[in-house]
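Undergrad: Before we start, here is the structure in question, set down as structure tokens.
The values are calculated or read from the model by the stated rules, or taken from the named source; none is laboratory data. Owing to the predicted nature of the structure, the values given are computational and were not obtained by experimental measurement. Note that each Cβ is placed from the backbone with ideal geometry, even for glycine, and that neighbours are counted across all protein chains shown.
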Amino acid sequence: MITFILKKLGKLAALLAAISILSFILISYSPVDPVRSYIGAEISRISPEQQKNIEQYWGLNQSKPQQFLQWAKALTQGNLGTSLIYREPVSEIIIDRFSASIALMGLAWLFSGVFGFLLGILAGMNEGSLLDRLIKSYCFILASTPSFWLGLLLLMFFASWLGWFPVGLASPAGSLTGEVSFADKINHLFLPVLTLSIVGVAGVALHTREKLIEVLNSEFIRFARAKGESGIKLFWRHGLRNISLPAISLHFASFGELFGGAVLTEQVFSYPGLGQAVVKAGLGGDVPLLLGITLFSVIFIFVGNFIADLLYVVIDPRMQIKPSHD
Amino acid sequence: MEKLKKIPFSETKEMKSLLEVKDFSLSFPQYKKGFRESYIEVIKDFELTIHPGEIVAVVGSSGSGKSLLADSLLGILPENAEIKGKIYFEGVALTAKRQQQIRGKEISLIPQSVMALDPLMKTGQQVQSSIQNKKEKKRIQKEAFQKLGLPKDTHKKYPFELSGGMARRVLIATAMVSEAKLIIADEPTPGLDEQALEETLTHIKQLSENDRGMMFITHDIHAALKIADRIAVFYGGETVEIANNEDFLGKGENLRHPYTKALWRALPENDFKALKGNQPEAGEVFPGCVFEPRCPIATDFCKKNKPKSAMVNNGIVRCFYAES
Amino acid sequence: MTELISKYLPLKRSKKRNRRKRALTFSVLGVILLLILVGSGFLIDTQGLVVNFDEANSAPSWSHPFGTDWLGRDMFVRTVKGLSLSFWVGLLAAFISGVIALILSLLLLVNKTLDSLVTGLIDLFLGVPHIVALILISFMLGGGLYGVIIAVALTHWPRLARLLRAEIMQIKNSEYISVSRHMGKSWFWIAQHHILPHLMPQLFIGFILMFPHAILHEASITFLGFGLSSEQPAIGIILSEAMGYLSSGMWWLAVFPGLMLLVMVAVFDSLGRNLRKVFDPFKGQKH
């Protein structure tokens, strides 16, 4: 158990190191000039000398490996640098933004998991029926749906047309965070969560369906039926037990898609989360923030995969450490 | 192995039968060209009688629909299966409703594969679930495990922790603890070595004590002869012969059907001569005898006419040329 | 499980034949639909893209089936043009990713170190959210159409590479390969004669199934504002522009372009799945 955790942590460290190097190289060869993007349109008002000063201040005149070493050294001390657009420490922005995103992602993850699992069971129990075909087509269509388009449609329908929900932002504009009521928060979370949940259902549902059909055709279900078990009791004793662990594990291993979905959804609903920040960082040439969020998202996915693997180790008596992704 | 208890056929006739199957057929729908539905007959004209305390083997090569026979008796066939014919259990018609009520209680299955154990449930619990007496279930399960020579802590183990032989004994224990009057052993000795085979057969034989009847489905005529009182030979979905154990002697002169004779001669200790050709595929339709294409003594008459089953020498056979 | 398959063989076999036939029919239909789409992207009159304030903001009608935007540009023409751009980006990306996946997975035959480097690279790519990887690469390339294409092309190979690698591993351990090996054939020869022919169906299906992902990712990253400028007709651009007109009730700006994108992605997706049924009926059956 401990070796398992240590092994995984070692892997994470290697992964983070590799990704830092790779993304640093990627970013440092970008033609986007950080000084220019920092100053924005007023660049013409600044003398070349002043530009030089800024470059020196940021250490841009050093060689690339030197820059990387400096950044990596700061990184190991927990210092991710300062964001150029927000002018705040990157770590603070990440914590602040992530706490907004986690509400969105967590709720969507939960809902899509529960509904996907139930739909998958319904379809699998009635394989080949009209209901099964409907659920299957629904999932395949969902898998082809651009999530941001779905968000747009929901926004148009519920917010613009019916006027039930606000058009954006996690809290009403102009109010301080302390004054935001719980109801307000729900109000602003509802549509983004709905979008992300609807999109997330497909994967779990199809997986659960397939697994259930496999289990229902298995020898041990035939034997259980021969022993006189049937209906709900049979499903509860032998079916659920055998499909729930793979489904939960798969759902944990899908943090990557969840994060990707959140990036797009936050953009549509102008929800001030981590996803919106990474887009802004990318568009605005905010290198420290972009690097910081990249590393953070890697940890996020890793945690999901780690829990997925850990579940097998802890729960499955067979103790098999199965690869969880794909 | 103890000497077999012989029940002459004429005597069994008077005994009350435990299971009686007559004119039984099983078919599946198949979509051919267009949307016209047609049926594939997997089992046809099947007949069998089992008396209390008797072991009747159903011998047929793999893929001849033997497992489906077990499923039909238990009533756990896929929904699209269609069955015809009569099944009586203790003299009363075995309807789907009755099957559902007595399945696992009065009729018990020993499956072929050790995969039949739920991989995520402890073996003790799996065996206990088929014990009717809920108060005594721990004790009954313990006794059964002991009788079968399973180590004391087996009930706490998951199937993956057991060896193949132990898992097989757990499956037998499931039938042992049930109060079933009829046990269907569906190919319980697949590919076992000599020693494991002996052992499993001994355990299965134990089950037929207390006047339980048993249907022993197998492709291994050897194994069948070791424990069965009578042997039903299954070919192309039909019962071609039901012979008594003692009919299998010498060159098979006492056997009635040419297929049974061929089977017997194909054994290594006899002539070791395999029959040419293959079993008909499910769905192939013969206007005459199913065995006609491979039969050494077939005539033109066999091509066009279907033999009915007849009593010959205390056995049942489906052949025009069976010697009496 | 072998028991189960032989048990229901008569039923399954007939069903399978029927399924394969149906799958083939659907595949042909899908290809025709896609050809129409791409063809019309070429042939369509670009007159509709000219700014025309006289016809600005008009709802769908016979002359403008998808309506017009605030500049009077015909939304149908923009959508078809955008889809054809998506198609080419998807094609290029799927092709490049397919080649990368094939080459990297074949490195398994060369030596162990290279192979573990490949698996490491696969883990690396799958360890970053796909969108973030797209942002990073297109940022490095300074955005623009090429930035988007290259980003999409460079990020879709890991899953296919992993699949092919597993396949090669299986073939590599099979008997006839070791016989070939003993006969003194080089790995290059073996790859050419024994492995590639086996991989072709997998590679081809993987190639088709990469399309929908690539197209969706192209649209997503464009929607987020990376790359393409607003004159270029791309579905992502159209939808991100439509965001600004949500409250004005111009629903047609978002509904039709997105729906068409959905249809195109779904056609590719079902094409891939149906082809899998045709080529690989055993695996295809599970879906």
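Undergrad: Give the residue that is modelled with the lowest pLDDT, with candidates limited to residues of the range C:119-140 that are surrounded by fewer than 22 Cβ atoms within 10 Å (Cβ to Cβ) and hydrophobic (A, V, I, L, M, F, W, C).
TA: Among residues in the range C:119-140 that are surrounded by fewer than 22 Cβ atoms within 10 Å (Cβ to Cβ) and hydrophobic (A, V, I, L, M, F, W, C), the one modelled with the lowest pLDDT is C:140.
Undergrad: What are the residues in the range A:197-238 that are more than 30 Å from residue C:131 (Cα to Cα), touching a residue at least 40 places away in the same chain (Cβ under 8 Å) and not aliphatic (A, V, I, L, M), if any? Full working, then the answer.
TA: Our first condition is that a residue be more than 30 Å from residue C:131 (Cα to Cα); within the range A:197-238, this holds for A:212-238.
Remaining after also requiring touching a residue at least 40 places away in the same chain (Cβ under 8 Å): A:212-213, A:216, A:235.
If the condition is that a residue be more than 30 Å from residue C:131 (Cα to Cα), touching a residue at least 40 places away in the same chain (Cβ under 8 Å) and not aliphatic (A, V, I, L, M), then A:235 is the only one that fits.
Undergrad: Residue check, residue B:131 against (1) in a loop (DSSP other than H, G, I, E, B); (2) in contact (Cβ under 8 Å) with a residue 40 or more places away in the chain; (3) facing another protein chain (nearest Cβ under 9 Å); (4) surrounded by 18 or more Cβ atoms within 10 Å (Cβ to Cβ), all met but one. Which one?
TA: It is condition (3) that residue B:131 fails.
Undergrad: While we're on this one: Going through B:74, B:69, B:117 one at a time, which residue ends up being closer than 26 Å to residue B:177 by Cα, in contact with a Lys or Arg (Cβ under 6 Å, 6 or more places away or on another chain) and within 13 Å of another protein chain (Cβ to nearest Cβ)? Walk me through it before giving the result.
TA: Numbers: B:69 fails: in contact with a Lys or Arg (Cβ under 6 Å, 6 or more places away or on another chain); B:117 fails: in contact with a Lys or Arg (Cβ under 6 Å, 6 or more places away or on another chain).
The conditions single out B:74.
Undergrad: Would you pick out the residues in the range B:78-102 that are at the interface with chain A (Cβ under 10 Å from one of its Cβ atoms) and over 16 Å from residue A:234 (Cβ atoms)?
TA: Scanning the range B:78-102 gives B:80, B:102.
Each row is one residue, and each column tells you yes or no for (1) acidic (Asp, Glu); (2) within 23 Å of the chain's Cα centre (by Cα); (3) modelled with pLDDT of 85 or more; (4) not in a loop (DSSP other than H, G, I, E, B).
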{"position": "B:140", "(1), (2), (3), (4)": "no, no, yes, yes"}
{"position": "B:143", "(1), (2), (3), (4)": "yes, no, yes, yes"}
{"position": "B:168", "(1), (2), (3), (4)": "no, yes, yes, yes"}
{"position": "B:172", "(1), (2), (3), (4)": "no, yes, yes, yes"}
{"position": "B:175", "(1), (2), (3), (4)": "no, yes, yes, yes"}
{"position": "B:189", "(1), (2), (3), (4)": "no, yes, no, no"}
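Undergrad: List pairs: first in the range B:173-200 and more than 13 Å from every other protein chain (Cβ to nearest Cβ), second crowded, with 24+ Cβ neighbours inside 10 Å and of a type in the set (Phe, Trp, Tyr), Cβ under 8 Å, 6+ apart or cross-chain?
TA: Note: no pairs meet the criteria.
Undergrad: Evaluate the following for residue A:232: is it within 14 Å of chain B (Cβ to nearest Cβ), β-branched (Val, Ile, Thr) and in a helix (DSSP H, G or I)? Don't jump to the end; show me each part of the working.
TA: Working: within 14 Å of chain B (Cβ to nearest Cβ): no; β-branched (Val, Ile, Thr): yes; in a helix (DSSP H, G or I): yes.
No: the conditions fail for residue A:232.
Undergrad: For residue B:255, indicate whether it is in contact with an Asp or Glu (Cβ under 7 Å, 6 or more places away or on another chain), surrounded by 17 or more Cβ atoms within 10 Å (Cβ to Cβ), among the aliphatic types (A, V, I, L, M) and free of Cβ contacts under 8 Å to residues at least 24 places away in the same chain.
TA: Working: in contact with an Asp or Glu (Cβ under 7 Å, 6 or more places away or on another chain): yes; surrounded by 17 or more Cβ atoms within 10 Å (Cβ to Cβ): yes; among the aliphatic types (A, V, I, L, M): yes; free of Cβ contacts under 8 Å to residues at least 24 places away in the same chain: yes.
Yes; evaluated as a whole, the condition is true for this residue.
Undergrad: Residue A:226: surrounded by 22 or more Cβ atoms within 10 Å (Cβ to Cβ), more than 25 Å from residue A:75 (Cα to Cα) and at the interface with chain B (Cβ under 10 Å from one of its Cβ atoms), yes or no?
TA: Numbers: surrounded by 22 or more Cβ atoms within 10 Å (Cβ to Cβ): yes; more than 25 Å from residue A:75 (Cα to Cα): yes; at the interface with chain B (Cβ under 10 Å from one of its Cβ atoms): yes.
When the stated conditions are applied, residue A:226 passes them.
Undergrad: Something else now. Going by the conditions given, is residue B:105 within 14 Å of another protein chain (Cβ to nearest Cβ), part of a loop (DSSP other than H, G, I, E, B) and surrounded by fewer than 22 Cβ atoms within 10 Å (Cβ to Cβ)?
TA: Spelling it out, residue B:105 is indeed within 14 Å of another protein chain (Cβ to nearest Cβ), part of a loop (DSSP other than H, G, I, E, B) and surrounded by fewer than 22 Cβ atoms within 10 Å (Cβ to Cβ).
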